[in-house]
1. Condition test on VAL32, is it touching a residue at least 60 places away in the same chain (Cβ under 8 Å) and closer than 22 Å to GLU79 by Cα?
2. Among the residues of region 116-163, what is the count of those that are outside any helix (DSSP H, G or I) and either at pLDDT below 85 or exposed (fewer than 12 other Cβ atoms within 10 Å of the Cβ) (or both)?
3. Every residue in region 9-25 that is under 20 Å from GLU79 (Cβ atoms) and either in contact with a Ser or Thr (Cβ under 9 Å, 6 or more places away or on another chain) or free of Cβ contacts under 8 Å to residues at least 24 places away in the same chain (or both), please.
4. What number of residues within region 22-53 satisfy the criterion of being among the polar types (S, T, N, Q) and surrounded by 14 or more Cβ atoms within 10 Å (Cβ to Cβ)?
5. Within region 17-73, restricting attention to residues that are β-branched (Val, Ile, Thr) and assigned to a loop (DSSP other than H, G, I, E, B), which residue is modelled with the lowest pLDDT?
6. Mind listing whichever residues of region 122-144 are within 16 Å of the chain's Cα centre (by Cα) and either closer than 16 Å to LEU96 by Cβ or among the acidic types (Asp, Glu) (or both)?
7. Being closer than 30 Å to ARG125 by Cα, of a type in the set (S, T, N, Q) and out of contact with any His (no Cβ under 7 Å at 6 or more places or on another chain): is that true of GLN12 here?
8. In this structure, is VAL105 within 27 Å of HIS147 (Cβ to Cβ), open to solvent by less than 10 Å² (accessible area, probe 1.4 Å) and either out of contact with any Pro (no Cβ under 7 Å at 6 or more places or on another chain) or assigned to a helix (DSSP H, G or I) (or both)?
Amino acid sequence: PSYVRWRLQTTQWLPIRDGSTACPQQCVAEAVRGLEGFLPIPIRPIAMQLANYGVHSALLRDAFDRAGVIPGFSQIDPEQLYELLTLLPARDPRGLWAKSVYRAVLDHFDANNLGSGPASERFRRQGQMWGRYGASEHYFPVQELLHVDSEDIPAALCRTLKIAALPKRAGSQKVAGVFGVTPLERGQV
């Protein structure tokens with residue numbers, strides 16, 4: 001509850017690798033495969049720059065933590081993760097990063113570890129995920145989407161349903177627990 005800390009975390013000032021600046025809260029200290037453009041990595045000062053200011057390189061990690069930089073993707077707390085998922089349609093309206101974000105979430109998190117807090121409930125009620133319906137792809141409300149986990153569901157049927165852009169064989173229970181997307185089971189066809 002510090003105004004100064006909140007301003008540091010949410011103001012776009014931190015230099016990132018592509019030469020622009022970003023909010024520390026939207027940066028990750030260590031690269032996440034496939035999400036480099038979505039979750040930028042801050043520029044690390046070179047040893048000579050650190051020496052000019054008398055700062056040891058070991059303190060850099062602590063400085064990033066205090067500024068609000070996420071240490072690693074798997075260390076995002078559940079509230080922050082669901083906030084990221086809720087803001088995904090606004091930050092990525094064309095869905096360029098959506099599939100990579102969903103895959104990273106499934107790779108790094110388990111439904112048991114995320115629990116059911118207010119942010120996850122809000123995401124399940126009001127959030128949107130990238131999906132396919134017929135020939136079009138865009139964001140749909142989470143409650144309208146289905147997940148196809150196996151190859152046995154006919155492609156003709158999948159084109160008539162709103163299918164989430166999630167990897168197959170991710171585990172229907174895991175997808176339902178993490179995202180709240182209803183799995184389409186073969187027995188339901």
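1. Numbers: touching a residue at least 60 places away in the same chain (Cβ under 8 Å): yes; closer than 22 Å to GLU79 by Cα: yes.
Criteria met by VAL32.
2. The qualifying residues number 13.
3. The answer is CYS23, PRO24, GLN25.
4. Number satisfying all stated conditions: 2.
5. This residue is VAL32.
6. GLN128, MET129, TRP130, GLY131, TYR139
7. Numbers: closer than 30 Å to ARG125 by Cα: yes; of a type in the set (S, T, N, Q): yes; out of contact with any His (no Cβ under 7 Å at 6 or more places or on another chain): yes.
Yes, satisfied.
8. Numbers: within 27 Å of HIS147 (Cβ to Cβ): yes; open to solvent by less than 10 Å² (accessible area, probe 1.4 Å): yes; either out of contact with any Pro (no Cβ under 7 Å at 6 or more places or on another chain) or assigned to a helix (DSSP H, G or I) (or both): yes.
Answer is yes for this residue.
The values are calculated or read from the model by the stated rules, or taken from the named source; none is laboratory data. Just so it is clear, the model here is predicted, and its values are computed rather than measured. Here the Cβ is made from the backbone with ideal geometry for all residues, glycine too, and neighbour counts use every protein chain on show. In case anyone asks, the SASA skips ligands and DNA or RNA and just uses the protein heavy atoms, side chains included. Shrake-Rupley method; radii C 1.70, N 1.55, O 1.52, S 1.80 Å.
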